[in-house]
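Down below is the structure, laid out as C-alpha coordinates.
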Amino acid sequence: TNSKETADMKRWPKYVNQYLKKKGLPTDIALTFEDVTIVDRFSEITSRSDAFIDTGSDLGKGIRLPRPIFSANMDTITESEMAIAMARLGGCGVIHQFLSIEKRAREVEKVKRADSHVVESPLTIRKSDSIGAAKELIKEHRVSGLIVVEDDSEKVVGIFSGRDARWAPDNIKIHERLTPLDKMIFARDGIALEDAKKILYETRLEKLPILDEKGMLAGLITASDILKRERFRFAFRDQKGRLGVAAAVGVGKNALSECEALLKAEADIIFVDTARGNSAVLQKTVKEIRRAFGDGLLLSAGNVDTPDAIKMLYDAGADLPKEGIGGGSLCKTRKGPGIGMPKITSSASSAAVARIYKKAFISDGGIKGPDDFCKNLATGANAIMIGGLFGATDETPGPVIFEDGERWKMVRGSASAEFQMSRTDRGPENGRLRAPEGILKRERYRGEVTPVFDELTAYLHSSMSYVGAKNLKEFHQKSYFSRQTASGYEEGKPHDVY
(Lines give C-alpha, C1' and ligand atoms only; values in the text may rest on other atoms or scores of the structure.)
Protein backbone atom coordinates (compact mmCIF):
# COMPACT_ATOMS: atom_id res chain seq x y z
CA THR A 1 0.00 0.00 0.00
CA ASN A 2 1.10 3.57 -0.61
CA SER A 3 1.27 6.28 2.09
CA LYS A 4 -2.24 7.60 1.33
CA GLU A 5 -3.76 4.12 1.61
CA THR A 6 -1.84 3.55 4.87
CA ALA A 7 -3.22 6.81 6.22
CA ASP A 8 -6.76 5.81 5.17
CA MET A 9 -6.41 2.50 7.02
CA LYS A 10 -5.38 4.32 10.19
CA ARG A 11 -8.34 6.67 10.02
CA TRP A 12 -10.86 4.05 8.90
CA PRO A 13 -13.49 4.80 11.61
CA LYS A 14 -13.73 8.39 10.36
CA TYR A 15 -13.82 7.16 6.77
CA VAL A 16 -16.76 4.86 7.59
CA ASN A 17 -18.76 7.83 8.90
CA GLN A 18 -17.89 9.86 5.81
CA TYR A 19 -19.04 7.01 3.56
CA LEU A 20 -22.35 6.67 5.42
CA LYS A 21 -23.02 10.40 5.10
CA LYS A 22 -22.17 10.28 1.39
CA LYS A 23 -24.76 7.51 1.02
CA GLY A 24 -27.39 9.62 2.80
CA LEU A 25 -27.27 7.41 5.90
CA PRO A 26 -27.01 8.50 9.56
CA THR A 27 -24.04 7.54 11.72
CA ASP A 28 -25.94 7.35 15.02
CA ILE A 29 -28.74 4.91 14.13
CA ALA A 30 -28.79 1.64 12.22
CA LEU A 31 -31.24 1.30 9.32
CA THR A 32 -32.63 -1.57 7.30
CA PHE A 33 -34.25 -1.90 3.88
CA GLU A 34 -37.68 -0.45 4.68
CA ASP A 35 -36.09 2.63 6.25
CA VAL A 36 -34.60 3.90 2.99
CA THR A 37 -35.29 4.38 -0.69
CA ILE A 38 -32.78 4.77 -3.53
CA VAL A 39 -32.84 8.29 -4.99
CA ASP A 40 -33.25 8.33 -8.77
CA ARG A 41 -30.82 10.45 -10.80
CA PHE A 42 -30.55 11.87 -14.30
CA SER A 43 -29.85 8.96 -16.62
CA GLU A 44 -28.65 8.69 -20.20
CA ILE A 45 -29.30 4.95 -20.35
CA THR A 46 -31.81 4.24 -23.12
CA SER A 47 -32.40 0.54 -22.48
CA ARG A 48 -32.39 -1.85 -19.53
CA SER A 49 -31.01 -4.71 -21.65
CA ASP A 50 -27.71 -6.51 -21.19
CA ALA A 51 -26.34 -4.61 -24.18
CA PHE A 52 -26.47 -1.37 -22.17
CA ILE A 53 -26.09 -2.52 -18.56
CA ASP A 54 -23.42 -4.85 -17.14
CA THR A 55 -24.22 -6.46 -13.78
CA GLY A 56 -20.89 -8.33 -13.58
CA SER A 57 -18.96 -8.14 -10.31
CA ASP A 58 -15.20 -8.54 -9.85
CA LEU A 59 -14.63 -10.57 -6.70
CA GLY A 60 -10.83 -10.70 -6.82
CA LYS A 61 -8.13 -13.14 -7.95
CA GLY A 62 -9.40 -12.88 -11.52
CA ILE A 63 -12.87 -14.22 -10.69
CA ARG A 64 -15.78 -12.28 -12.14
CA LEU A 65 -19.40 -13.14 -11.39
CA PRO A 66 -21.71 -12.17 -14.30
CA ARG A 67 -24.66 -11.79 -11.90
CA PRO A 68 -23.86 -10.70 -8.32
CA ILE A 69 -25.78 -13.50 -6.60
CA PHE A 70 -24.72 -16.39 -4.37
CA SER A 71 -27.06 -19.11 -3.12
CA ALA A 72 -26.62 -19.66 0.60
CA ASN A 73 -24.42 -22.36 2.09
CA MET A 74 -27.38 -23.89 3.95
CA ASP A 75 -28.22 -27.60 3.97
CA THR A 76 -31.75 -26.95 2.66
CA ILE A 77 -30.57 -24.54 -0.06
CA THR A 78 -27.33 -25.45 -1.84
CA GLU A 79 -25.90 -28.73 -3.02
CA SER A 80 -24.76 -29.56 -6.56
CA GLU A 81 -28.15 -29.19 -8.24
CA MET A 82 -28.61 -25.62 -6.97
CA ALA A 83 -24.96 -24.78 -7.64
CA ILE A 84 -25.30 -25.93 -11.26
CA ALA A 85 -28.42 -23.80 -11.73
CA MET A 86 -26.76 -20.77 -10.12
CA ALA A 87 -23.64 -21.00 -12.29
CA ARG A 88 -25.61 -21.42 -15.51
CA LEU A 89 -27.62 -18.29 -14.66
CA GLY A 90 -24.47 -16.30 -13.87
CA GLY A 91 -24.38 -16.58 -10.09
CA CYS A 92 -22.57 -19.00 -7.78
CA GLY A 93 -23.73 -21.70 -5.40
CA VAL A 94 -21.90 -22.44 -2.16
CA ILE A 95 -21.91 -26.13 -1.21
CA HIS A 96 -22.68 -26.20 2.52
CA GLN A 97 -20.27 -27.61 5.09
CA PHE A 98 -22.68 -30.08 6.70
CA LEU A 99 -21.84 -32.98 4.43
CA SER A 100 -18.84 -35.21 4.94
CA ILE A 101 -15.81 -33.83 3.13
CA GLU A 102 -15.96 -36.76 0.69
CA LYS A 103 -19.56 -35.86 -0.23
CA ARG A 104 -18.73 -32.16 -0.48
CA ALA A 105 -15.89 -32.91 -2.89
CA ARG A 106 -18.23 -35.08 -4.97
CA GLU A 107 -20.79 -32.26 -5.08
CA VAL A 108 -18.11 -29.91 -6.38
CA GLU A 109 -17.07 -32.49 -8.99
CA LYS A 110 -20.69 -32.84 -10.16
CA VAL A 111 -20.81 -29.11 -10.85
CA LYS A 112 -17.51 -29.23 -12.72
CA ARG A 113 -18.78 -32.08 -14.89
CA ALA A 114 -22.15 -30.49 -15.63
CA ASP A 115 -21.10 -28.37 -18.64
CA SER A 116 -17.75 -27.53 -20.15
CA HIS A 117 -16.00 -26.88 -23.45
CA VAL A 118 -14.05 -30.12 -23.13
CA VAL A 119 -14.61 -32.59 -20.30
CA GLU A 120 -11.01 -33.22 -19.27
CA SER A 121 -11.68 -36.27 -17.09
CA PRO A 122 -14.73 -38.00 -18.58
CA LEU A 123 -16.46 -40.73 -16.65
CA THR A 124 -15.03 -44.09 -17.64
CA ILE A 125 -15.71 -47.70 -16.86
CA ARG A 126 -13.52 -50.80 -17.28
CA LYS A 127 -14.51 -53.27 -19.96
CA SER A 128 -14.71 -56.11 -17.40
CA ASP A 129 -17.05 -54.17 -15.09
CA SER A 130 -20.69 -55.16 -14.90
CA ILE A 131 -23.60 -53.41 -16.56
CA GLY A 132 -25.06 -52.97 -13.07
CA ALA A 133 -22.04 -50.83 -12.14
CA ALA A 134 -22.49 -48.79 -15.33
CA LYS A 135 -26.15 -48.18 -14.55
CA GLU A 136 -25.22 -46.86 -11.10
CA LEU A 137 -22.67 -44.43 -12.57
CA ILE A 138 -25.10 -43.23 -15.24
CA LYS A 139 -27.81 -42.66 -12.62
CA GLU A 140 -25.54 -40.96 -10.07
CA HIS A 141 -23.96 -38.53 -12.54
CA ARG A 142 -27.02 -38.12 -14.79
CA VAL A 143 -25.12 -38.87 -17.99
CA SER A 144 -26.24 -40.71 -21.10
CA GLY A 145 -23.19 -42.93 -21.51
CA LEU A 146 -19.67 -43.87 -20.46
CA ILE A 147 -16.31 -44.27 -22.20
CA VAL A 148 -15.01 -47.84 -21.86
CA VAL A 149 -11.29 -48.36 -21.25
CA GLU A 150 -8.93 -51.29 -20.82
CA ASP A 151 -8.80 -52.90 -17.39
CA ASP A 152 -5.19 -51.88 -16.83
CA SER A 153 -4.93 -48.53 -18.65
CA GLU A 154 -6.87 -45.53 -19.97
CA LYS A 155 -6.71 -46.84 -23.52
CA VAL A 156 -10.17 -46.53 -25.08
CA VAL A 157 -11.84 -49.71 -26.32
CA GLY A 158 -15.38 -48.45 -26.89
CA ILE A 159 -18.37 -46.52 -25.65
CA PHE A 160 -21.32 -47.70 -23.55
CA SER A 161 -24.61 -45.79 -23.72
CA GLY A 162 -27.85 -45.87 -21.80
CA ARG A 163 -29.40 -47.69 -24.76
CA ASP A 164 -26.85 -50.48 -24.35
CA ALA A 165 -27.96 -50.90 -20.73
CA ARG A 166 -31.66 -51.02 -21.51
CA TRP A 167 -33.17 -54.33 -20.34
CA ALA A 168 -29.71 -55.87 -19.99
CA PRO A 169 -29.12 -58.05 -16.89
CA ASP A 170 -26.90 -56.33 -14.33
CA ASN A 171 -24.38 -59.16 -14.18
CA ILE A 172 -23.41 -59.02 -17.88
CA LYS A 173 -19.97 -57.53 -18.54
CA ILE A 174 -19.58 -54.21 -20.31
CA HIS A 175 -17.48 -55.65 -23.15
CA GLU A 176 -20.46 -57.78 -24.22
CA ARG A 177 -22.65 -54.73 -24.99
CA LEU A 178 -20.35 -51.83 -25.85
CA THR A 179 -19.89 -50.12 -29.21
CA PRO A 180 -16.27 -51.01 -30.11
CA LEU A 181 -13.60 -48.47 -31.00
CA ASP A 182 -13.53 -49.39 -34.71
CA LYS A 183 -17.21 -48.40 -34.94
CA MET A 184 -16.83 -45.22 -32.91
CA ILE A 185 -16.51 -41.67 -34.16
CA PHE A 186 -13.79 -39.82 -32.27
CA ALA A 187 -11.49 -36.81 -32.67
CA ARG A 188 -7.84 -36.16 -31.99
CA ASP A 189 -6.56 -34.03 -29.14
CA GLY A 190 -6.52 -30.28 -29.96
CA ILE A 191 -9.59 -30.23 -32.22
CA ALA A 192 -11.24 -26.79 -32.52
CA LEU A 193 -14.77 -26.37 -31.15
CA GLU A 194 -16.21 -25.45 -34.56
CA ASP A 195 -14.70 -28.59 -36.09
CA ALA A 196 -16.16 -30.68 -33.28
CA LYS A 197 -19.58 -29.11 -33.85
CA LYS A 198 -19.33 -30.02 -37.54
CA ILE A 199 -18.57 -33.67 -36.75
CA LEU A 200 -21.44 -33.87 -34.25
CA TYR A 201 -23.77 -32.25 -36.80
CA GLU A 202 -22.80 -34.57 -39.65
CA THR A 203 -22.85 -37.77 -37.59
CA ARG A 204 -25.86 -36.82 -35.41
CA LEU A 205 -23.94 -38.10 -32.40
CA GLU A 206 -24.24 -36.71 -28.89
CA LYS A 207 -20.69 -37.43 -27.69
CA LEU A 208 -17.29 -37.00 -29.30
CA PRO A 209 -14.43 -38.68 -27.41
CA ILE A 210 -11.01 -37.04 -27.76
CA LEU A 211 -8.09 -39.47 -28.10
CA ASP A 212 -4.37 -38.78 -28.11
CA GLU A 213 -1.91 -40.38 -30.55
CA LYS A 214 -1.59 -43.46 -28.29
CA GLY A 215 -5.33 -44.05 -28.19
CA MET A 216 -5.60 -42.80 -24.60
CA LEU A 217 -8.62 -40.79 -23.55
CA ALA A 218 -7.78 -37.06 -23.55
CA GLY A 219 -11.26 -35.60 -23.11
CA LEU A 220 -14.85 -35.54 -24.28
CA ILE A 221 -16.98 -33.01 -26.17
CA THR A 222 -20.74 -33.38 -25.96
CA ALA A 223 -23.49 -31.79 -28.00
CA SER A 224 -25.41 -30.97 -24.84
CA ASP A 225 -22.44 -29.02 -23.43
CA ILE A 226 -22.14 -26.98 -26.63
CA LEU A 227 -25.87 -26.23 -26.57
CA LYS A 228 -25.66 -25.20 -22.91
CA ARG A 229 -22.81 -22.79 -23.66
CA GLU A 230 -24.96 -21.20 -26.34
CA ARG A 231 -28.07 -21.13 -24.16
CA PHE A 232 -26.48 -19.88 -20.93
CA ARG A 233 -24.60 -16.88 -22.31
CA PHE A 234 -23.96 -15.35 -18.89
CA ALA A 235 -22.87 -18.51 -17.09
CA PHE A 236 -20.19 -18.28 -14.41
CA ARG A 237 -17.31 -20.37 -15.76
CA ASP A 238 -13.73 -21.07 -14.79
CA GLN A 239 -10.74 -20.66 -17.11
CA LYS A 240 -11.34 -24.12 -18.58
CA GLY A 241 -14.94 -23.31 -19.48
CA ARG A 242 -16.47 -25.39 -16.69
CA LEU A 243 -19.15 -24.07 -14.35
CA GLY A 244 -17.86 -22.20 -11.30
CA VAL A 245 -18.68 -23.30 -7.76
CA ALA A 246 -17.82 -22.43 -4.17
CA ALA A 247 -17.69 -24.70 -1.13
CA ALA A 248 -17.68 -24.16 2.62
CA VAL A 249 -15.53 -25.43 5.47
CA GLY A 250 -15.90 -24.90 9.20
CA VAL A 251 -13.45 -23.47 11.72
CA GLY A 252 -12.61 -26.79 13.34
CA LYS A 253 -9.38 -28.77 13.37
CA ASN A 254 -10.14 -30.24 9.93
CA ALA A 255 -10.33 -26.90 8.10
CA LEU A 256 -7.01 -27.29 6.28
CA SER A 257 -7.58 -30.87 5.16
CA GLU A 258 -11.10 -30.00 4.03
CA CYS A 259 -9.78 -27.03 2.04
CA GLU A 260 -7.23 -29.30 0.41
CA ALA A 261 -9.91 -31.80 -0.64
CA LEU A 262 -12.21 -29.11 -2.02
CA LEU A 263 -9.42 -27.44 -3.96
CA LYS A 264 -8.40 -30.82 -5.34
CA ALA A 265 -12.00 -31.15 -6.57
CA GLU A 266 -11.38 -27.68 -8.13
CA ALA A 267 -13.73 -25.47 -6.14
CA ASP A 268 -13.26 -21.87 -7.30
CA ILE A 269 -13.94 -20.15 -3.95
CA ILE A 270 -13.54 -21.42 -0.40
CA PHE A 271 -15.90 -20.10 2.29
CA VAL A 272 -14.92 -20.37 5.96
CA ASP A 273 -18.31 -20.54 7.61
CA THR A 274 -19.18 -19.76 11.24
CA ALA A 275 -22.03 -17.92 12.93
CA ARG A 276 -19.67 -15.84 15.14
CA GLY A 277 -17.25 -14.43 12.60
CA ASN A 278 -15.81 -11.66 14.77
CA SER A 279 -13.78 -14.18 16.71
CA ALA A 280 -10.24 -15.32 17.38
CA VAL A 281 -10.99 -18.79 16.05
CA LEU A 282 -12.08 -17.50 12.62
CA GLN A 283 -9.14 -15.10 12.51
CA LYS A 284 -6.76 -17.98 13.22
CA THR A 285 -8.40 -20.28 10.67
CA VAL A 286 -8.25 -17.67 7.90
CA LYS A 287 -4.56 -17.02 8.62
CA GLU A 288 -3.77 -20.74 8.57
CA ILE A 289 -5.61 -21.31 5.28
CA ARG A 290 -3.88 -18.36 3.67
CA ARG A 291 -0.45 -19.58 4.81
CA ALA A 292 -1.15 -23.12 3.63
CA PHE A 293 -2.61 -22.36 0.19
CA GLY A 294 -1.03 -19.05 -0.80
CA ASP A 295 -2.35 -15.92 -2.44
CA GLY A 296 -3.92 -17.64 -5.45
CA LEU A 297 -6.93 -18.88 -3.48
CA LEU A 298 -10.05 -16.67 -3.41
CA LEU A 299 -11.02 -16.95 0.24
CA SER A 300 -14.28 -15.83 1.82
CA ALA A 301 -15.04 -15.82 5.55
CA GLY A 302 -17.88 -14.78 7.82
CA ASN A 303 -20.34 -13.89 9.03
CA VAL A 304 -19.63 -10.45 10.57
CA ASP A 305 -21.62 -7.22 10.69
CA THR A 306 -19.35 -4.42 11.91
CA PRO A 307 -16.63 -2.49 10.08
CA ASP A 308 -13.95 -3.46 12.59
CA ALA A 309 -14.78 -7.15 12.03
CA ILE A 310 -14.57 -6.73 8.25
CA LYS A 311 -11.19 -5.06 8.74
CA MET A 312 -10.04 -7.94 10.95
CA LEU A 313 -10.89 -10.47 8.24
CA TYR A 314 -9.08 -8.50 5.54
CA ASP A 315 -6.02 -8.22 7.78
CA ALA A 316 -6.16 -11.97 8.47
CA GLY A 317 -6.06 -12.75 4.75
CA ALA A 318 -9.69 -12.97 3.59
CA ASP A 319 -10.40 -11.64 0.09
CA LEU A 320 -14.17 -11.68 0.30
CA PRO A 321 -15.65 -11.29 3.81
CA LYS A 322 -19.31 -12.19 4.28
CA GLU A 323 -21.34 -9.54 6.08
CA GLY A 324 -24.70 -10.06 7.78
CA ILE A 325 -25.94 -11.35 11.13
CA GLY A 326 -29.54 -11.92 12.13
CA GLY A 327 -31.29 -10.65 9.01
CA GLY A 328 -32.28 -13.97 7.43
CA SER A 329 -35.88 -15.16 7.38
CA LEU A 330 -34.89 -18.34 9.25
CA CYS A 331 -32.61 -16.63 11.78
CA LYS A 332 -33.30 -15.86 15.47
CA THR A 333 -29.97 -14.27 16.41
CA ARG A 334 -31.61 -10.89 16.98
CA LYS A 335 -34.66 -12.39 18.66
CA GLY A 336 -32.62 -14.71 20.91
CA PRO A 337 -29.25 -13.29 22.01
CA GLY A 338 -30.20 -9.85 20.66
CA ILE A 339 -27.20 -9.56 18.34
CA GLY A 340 -27.13 -8.25 14.78
CA MET A 341 -26.88 -4.99 12.88
CA PRO A 342 -29.74 -3.84 10.57
CA LYS A 343 -28.75 -4.58 7.01
CA ILE A 344 -28.40 -1.23 5.25
CA THR A 345 -26.07 0.20 7.90
CA SER A 346 -24.17 -3.08 8.28
CA SER A 347 -23.59 -3.42 4.54
CA ALA A 348 -22.71 0.25 3.93
CA SER A 349 -20.22 0.24 6.84
CA SER A 350 -18.61 -2.87 5.39
CA ALA A 351 -18.46 -1.24 1.95
CA ALA A 352 -16.55 1.70 3.42
CA VAL A 353 -13.81 -0.60 4.75
CA ALA A 354 -13.78 -2.63 1.52
CA ARG A 355 -13.07 0.59 -0.42
CA ILE A 356 -10.01 1.30 1.74
CA TYR A 357 -8.65 -2.21 1.08
CA LYS A 358 -9.76 -2.15 -2.58
CA LYS A 359 -11.38 -5.52 -2.10
CA ALA A 360 -14.85 -7.02 -2.41
CA PHE A 361 -17.35 -8.38 0.11
CA ILE A 362 -20.62 -10.34 0.11
CA SER A 363 -23.76 -9.19 1.93
CA ASP A 364 -25.83 -12.04 3.33
CA GLY A 365 -29.36 -12.30 4.69
CA GLY A 366 -32.65 -10.46 4.91
CA ILE A 367 -33.52 -10.28 1.20
CA LYS A 368 -37.30 -10.51 0.93
CA GLY A 369 -37.60 -9.38 -2.68
CA PRO A 370 -35.96 -7.48 -5.53
CA ASP A 371 -36.25 -4.09 -3.79
CA ASP A 372 -34.12 -5.32 -0.87
CA PHE A 373 -31.69 -6.89 -3.35
CA CYS A 374 -31.20 -3.63 -5.27
CA LYS A 375 -30.88 -1.55 -2.10
CA ASN A 376 -28.34 -3.98 -0.69
CA LEU A 377 -26.15 -3.69 -3.78
CA ALA A 378 -26.55 0.09 -3.76
CA THR A 379 -24.81 0.21 -0.36
CA GLY A 380 -21.62 -0.90 -2.11
CA ALA A 381 -21.86 -4.69 -1.75
CA ASN A 382 -20.19 -6.68 -4.54
CA ALA A 383 -22.57 -9.62 -4.35
CA ILE A 384 -25.62 -10.71 -2.38
CA MET A 385 -26.16 -14.11 -0.77
CA ILE A 386 -29.72 -15.41 -0.90
CA GLY A 387 -31.23 -18.19 1.18
CA GLY A 388 -34.94 -18.06 1.96
CA LEU A 389 -35.90 -16.47 -1.35
CA PHE A 390 -34.50 -19.52 -3.14
CA GLY A 391 -36.04 -21.96 -0.66
CA ALA A 392 -38.60 -24.58 -1.72
CA THR A 393 -37.49 -24.52 -5.36
CA ASP A 394 -36.83 -27.61 -7.47
CA GLU A 395 -33.07 -27.29 -7.06
CA THR A 396 -32.98 -27.25 -3.25
CA PRO A 397 -32.24 -30.52 -1.41
CA GLY A 398 -35.13 -32.46 0.05
CA PRO A 399 -38.42 -33.89 -1.22
CA VAL A 400 -41.63 -32.10 -2.13
CA ILE A 401 -44.33 -32.73 0.48
CA PHE A 402 -47.97 -33.09 -0.56
CA GLU A 403 -50.60 -31.99 1.96
CA ASP A 404 -54.21 -30.82 1.55
CA GLY A 405 -53.81 -30.57 -2.19
CA GLU A 406 -50.75 -28.32 -2.01
CA ARG A 407 -47.01 -28.87 -2.41
CA TRP A 408 -44.42 -27.82 0.17
CA LYS A 409 -40.72 -28.12 0.98
CA MET A 410 -38.98 -27.73 4.32
CA VAL A 411 -36.30 -25.10 4.93
CA ARG A 412 -34.38 -24.50 8.14
CA GLY A 413 -31.79 -22.22 9.63
CA SER A 414 -28.35 -23.68 10.24
CA ALA A 415 -28.69 -22.97 13.98
CA SER A 416 -32.24 -24.34 14.38
CA ALA A 417 -32.96 -27.05 16.93
CA GLU A 418 -34.05 -29.40 14.14
CA PHE A 419 -30.78 -28.85 12.30
CA GLN A 420 -28.72 -29.46 15.44
CA MET A 421 -30.59 -32.70 16.11
CA SER A 422 -29.88 -33.87 12.55
CA ARG A 423 -26.12 -33.71 13.09
CA THR A 424 -26.01 -37.00 14.91
CA ASP A 425 -22.68 -37.90 13.32
CA ARG A 426 -20.99 -35.14 15.35
CA GLY A 427 -23.21 -35.30 18.41
CA PRO A 428 -24.42 -32.38 20.53
CA GLU A 429 -21.82 -30.68 22.69
CA ASN A 430 -21.82 -32.01 26.27
CA GLY A 431 -24.88 -34.06 25.39
CA ARG A 432 -27.09 -30.99 25.00
CA LEU A 433 -28.29 -28.78 22.18
CA ARG A 434 -27.41 -25.11 22.41
CA ALA A 435 -30.19 -22.54 22.40
CA PRO A 436 -31.48 -22.42 18.81
CA GLU A 437 -30.86 -19.29 16.74
CA GLY A 438 -32.79 -20.47 13.72
CA ILE A 439 -36.16 -21.96 12.85
CA LEU A 440 -37.65 -24.73 10.72
CA LYS A 441 -40.26 -23.55 8.23
CA ARG A 442 -42.56 -25.18 5.71
CA GLU A 443 -42.70 -23.17 2.48
CA ARG A 444 -44.92 -23.46 -0.55
CA TYR A 445 -43.20 -25.20 -3.44
CA ARG A 446 -42.03 -22.60 -5.98
CA GLY A 447 -40.95 -24.61 -9.01
CA GLU A 448 -37.65 -23.82 -10.73
CA VAL A 449 -35.27 -21.28 -9.24
CA THR A 450 -34.74 -19.58 -12.62
CA PRO A 451 -37.77 -17.22 -12.48
CA VAL A 452 -36.79 -16.06 -8.97
CA PHE A 453 -33.22 -15.41 -10.11
CA ASP A 454 -34.32 -13.70 -13.33
CA GLU A 455 -36.68 -11.37 -11.45
CA LEU A 456 -33.81 -10.17 -9.24
CA THR A 457 -31.64 -9.54 -12.29
CA ALA A 458 -34.39 -7.73 -14.20
CA TYR A 459 -35.10 -5.34 -11.33
CA LEU A 460 -31.38 -4.73 -10.83
CA HIS A 461 -31.14 -3.64 -14.47
CA SER A 462 -34.06 -1.30 -13.86
CA SER A 463 -32.60 0.10 -10.64
CA MET A 464 -29.25 0.75 -12.33
CA SER A 465 -30.99 2.57 -15.18
CA TYR A 466 -32.79 4.86 -12.71
CA VAL A 467 -29.49 6.10 -11.27
CA GLY A 468 -27.70 6.21 -14.63
CA ALA A 469 -25.29 3.35 -13.92
CA LYS A 470 -23.95 1.26 -16.83
CA ASN A 471 -22.14 -1.18 -14.54
CA LEU A 472 -21.98 -2.23 -10.91
CA LYS A 473 -19.05 0.08 -10.12
CA GLU A 474 -21.08 3.07 -11.31
CA PHE A 475 -24.10 1.80 -9.37
CA HIS A 476 -22.00 1.91 -6.20
CA GLN A 477 -20.72 5.39 -7.00
CA LYS A 478 -24.00 6.98 -8.06
CA SER A 479 -26.45 5.39 -5.64
CA TYR A 480 -27.44 7.16 -2.46
CA PHE A 481 -30.42 6.88 -0.14
CA SER A 482 -33.13 9.02 1.36
CA ARG A 483 -34.65 7.97 4.64
CA GLN A 484 -38.37 7.31 4.62
CA THR A 485 -41.10 6.97 7.23
CA ALA A 486 -43.16 3.84 7.71
CA SER A 487 -46.05 5.53 5.93
CA GLY A 488 -43.70 6.47 3.09
CA TYR A 489 -42.73 2.83 2.75
CA GLU A 490 -46.42 1.81 2.71
CA GLU A 491 -47.13 4.47 0.08
CA GLY A 492 -44.60 2.80 -2.20
CA LYS A 493 -46.58 -0.42 -2.30
CA PRO A 494 -49.48 -1.03 -4.68
CA HIS A 495 -52.58 0.31 -2.89
CA ASP A 496 -56.23 1.17 -3.35
CA VAL A 497 -56.64 -1.93 -5.50
CA TYR A 498 -60.18 -3.26 -5.49
Could you list all residues from the range 350-383 that are of a type in the set (Gly, Ala, Ser), more than 19 Å from Ser329 (Cα to Cα) and not in a loop (DSSP other than H, G, I, E, B)?
Ser350, Ala351, Ala352, Ala354, Ala378
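Between Gly145, Gly158, Gly132, which is farther than 25 Å from Leu243 by Cα and buried (at least 20 other Cβ atoms within 10 Å of the Cβ)?
Among Gly145, Gly158, Gly132, only Gly158 is farther than 25 Å from Leu243 by Cα and buried (at least 20 other Cβ atoms within 10 Å of the Cβ).
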One residue is enough: does the range 7-23 have a residue meeting the conditions outside any helix (DSSP H, G or I), at pLDDT 95 or above and open to solvent by less than 50 Å² (accessible area, probe 1.4 Å)?
yes
Identity of the residue in the range 91-116, over 14 Å from the mean Cα position of the chain (by Cα) and either polar (S, T, N, Q) or assigned to a strand (DSSP E or B) (or both), that ends up nearest to Val272 (Cα to Cα)
Ser100
Of the candidates Ile344, Ile386, the one satisfying the condition of being under 19 Å from the mean Cα position of the chain (by Cα), modelled with pLDDT of 95 or more and either open to solvent by less than 30 Å² (accessible area, probe 1.4 Å) or not acidic (Asp, Glu) (or both) is Ile386
Do you know which of the residues in the range 265-292 that are in contact with a Gly (Cβ under 7 Å, 6 or more places away or on another chain) and in a loop (DSSP other than H, G, I, E, B) is nearest to Glu107 (Cα to Cα)?
Asp268
Which residue, of Ala51, Ala30, is open to solvent by 70 Å² or more (accessible area, probe 1.4 Å) and of a type in the set (A, V, I, L, M)?
Ala51
Out of all the residues in the range 265-275, is one or more farther than 21 Å from Met385 by Cβ, of a type in the set (A, V, I, L, M, F, W, C) and open to solvent by 70 Å² or more (accessible area, probe 1.4 Å)?
no
What tally of residues in the range 68-92 results from selecting those that are touching a Leu at 6+ places or on another chain (Cβ under 9 Å) and of a type in the set (Gly, Ala, Ser)?
4
Those residues of the range 310-341 which are part of a loop (DSSP other than H, G, I, E, B), crowded, with 18+ Cβ neighbours inside 10 Å and among the aliphatic types (A, V, I, L, M) amount to Ala318, Ile325, Leu330, Met341
Looking only at the range 193-234, count how many residues are under 28 Å from the mean Cα position of the chain (by Cα), surrounded by 13 or more Cβ atoms within 10 Å (Cβ to Cβ) and farther than 16 Å from Val118 by Cβ.
2
Close pairs (6 angstrom Cβ cut-off, 6 or more residues apart or separate chains): of a type in the set (Asp, Glu) in the range 162-181, open to solvent by 70 Å² or more (accessible area, probe 1.4 Å) anywhere
Asp164/Arg177
Positions within the range 445-477 being touching a Ser or Thr at 6+ places or on another chain (Cβ under 6 Å) and open to solvent by 20 Å² or more (accessible area, probe 1.4 Å), in sequence order:
Arg446
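Residues are listed down the side, and each one gets a yes or a no for (1) out of contact with any His (no Cβ under 9 Å at 6 or more places or on another chain); (2) of a type in the set (Val, Ile, Thr); (3) at pLDDT 85 or above; (4) closer than 30 Å to Gly391 by Cα:
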{"site": "Val94", "(1), (2), (3), (4)": "yes, yes, yes, yes"}
{"site": "Phe98", "(1), (2), (3), (4)": "yes, no, yes, yes"}
{"site": "Ile131", "(1), (2), (3), (4)": "yes, yes, yes, no"}
{"site": "Ala134", "(1), (2), (3), (4)": "yes, no, yes, no"}
{"site": "Leu137", "(1), (2), (3), (4)": "yes, no, yes, yes"}
{"site": "Ser144", "(1), (2), (3), (4)": "yes, no, no, yes"}
{"site": "Val156", "(1), (2), (3), (4)": "yes, yes, yes, no"}
{"site": "Ser161", "(1), (2), (3), (4)": "yes, no, no, no"}
{"site": "Asn171", "(1), (2), (3), (4)": "yes, no, yes, no"}
Output the residues belonging to the range 98-121 that are of a type in the set (Val, Ile, Thr) and in contact with a Gly (Cβ under 8 Å, 6 or more places away or on another chain).
Val111, Val118, Val119
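May I ask you to verify whether Ile29 is of a type in the set (A, V, I, L, M), in a helix (DSSP H, G or I), at pLDDT 95 or above and out of contact with any Phe, Trp or Tyr (no Cβ under 9 Å at 6 or more places or on another chain)?
The answer is no for Ile29.
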Lone qualifier among Arg88, Arg41 - being in contact (Cβ under 8 Å) with a residue 60 or more places away in the chain and not in a helix (DSSP H, G or I):
Arg41
Residue in the range 265-286 that is on the phi > 0 side of the Ramachandran plot, within 19 Å of the chain's Cα centre (by Cα) and either of a type in the set (Lys, Arg) or modelled with pLDDT of 95 or more (or both) present:
yes
Unique match (being free of Cβ contacts under 8 Å to residues at least 12 places away in the same chain and not aliphatic (A, V, I, L, M)) among Glu81, Glu34, Glu136
Glu136
Is it the case that some residue within the range 251-264 is assigned to a helix (DSSP H, G or I), open to solvent by less than 70 Å² (accessible area, probe 1.4 Å), within 18 Å of Ala72 (Cβ to Cβ) and among the hydrophobic types (A, V, I, L, M, F, W, C)?
yes
Answer residue from the range 443-498, given it is among the hydrophobic types (A, V, I, L, M, F, W, C) and in a loop (DSSP other than H, G, I, E, B) and is nearest to the chain's Cα centre (by Cα) among those:
Val449
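The values are calculated or read from the model by the stated rules, or taken from the named source; none is laboratory data. In this text the structure is predicted, and so the values were computed from the model without any measurement. Glycine gets a Cβ as well: all are built from the backbone with ideal geometry, and neighbour counts include every protein chain shown. Keep in mind that these areas ignore ligands, DNA and RNA; they rest on the heavy atoms of the full protein, side chains included. Shrake-Rupley method; radii C 1.70, N 1.55, O 1.52, S 1.80 Å.
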